[in-house]
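What follows is a set of notes on a single structure, which appears directly below.
Just so it is clear, none of the values below were taken in a lab; they were calculated from the coordinates. This structure is a prediction, so every number in the text was calculated from the model and none was measured. Every residue, glycine as well, gets a Cβ built from its backbone with ideal geometry; the counts of neighbours run over all protein chains shown.
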Amino acid sequence: MLTGKQKRYLRSKAMTMDALYQIGKEGLGENFTKQIDDALEARELIKIKILKNSAEEAGDAGRNLSAALGAELVQTIGHCIVLYRKSKNKPKIELP
């Protein structure tokens, strides 16, 4: 569980990031979840954008992904989700 200070730190890092993945009309499939899992292991912090043609809501998609992947939901704002999970092999981000 992240503290408020840690979430603020991660949100500030995510501000300058571009969205790596987009959730479209196909929603959250098994392949998409696997890609997000791999990206979290490699980068630790990722941003995902929800397209307007998607049936998924940002809050629901964020909670579903974080539960399925064991990640922390840092933020949902507008149509964007920010997820964090510490890498098992090569941690890059030092949390305050």
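What order, most packed first, do the peptides 73-85, 25-37, 52-64 have when packing is the mean number of other Cβ atoms within 10 Å of each residue?
73-85, 52-64, 25-37
Roughly what % of DSSP beta bridges within the chain run antiparallel, to the nearest 5?
DSSP beta bridges in the chain are roughly 75 percent antiparallel.
Taking +1 at the Cβ of each Lys and Arg and -1 at the Cβ of each Asp and Glu, which of Leu2, Gly70, Thr33 sits farthest along the dipole of the chain towards its positive end, judged by Cα position relative to the Cα centre?
Result: Leu2, furthest along the dipole toward the positive end.
Got a sec? How would Tyr9, Tyr21 order by Cβ neighbour count within 10 Å, fewest to most?
Final ranking by Cβ density, sparse to dense: Tyr21, Tyr9.
In nanometres, what is the gap between the two model label sites at Tyr21 and Ala68, each 7 Å from Cα along Cα-to-Cβ?
Using points 7 Å along Cα→Cβ, the separation is 0.8 nm.
Rule-of-thumb check for the chain: C-alpha Rg over 2.2 N^0.38 Å? Could you put the intermediate results ahead of the total?
Working: Rg = 12.6 Å, N = 96, 2.2 N^0.38 = 12.5 Å.
Ratio of Rg to 2.2 N^0.38 Å for the chain: 1.01.
Helix 4-15: angle to the longest alpha-carbon principal axis of the chain, degrees 0 to 90, nearest 10?
Roughly 60 degrees between the two axes.
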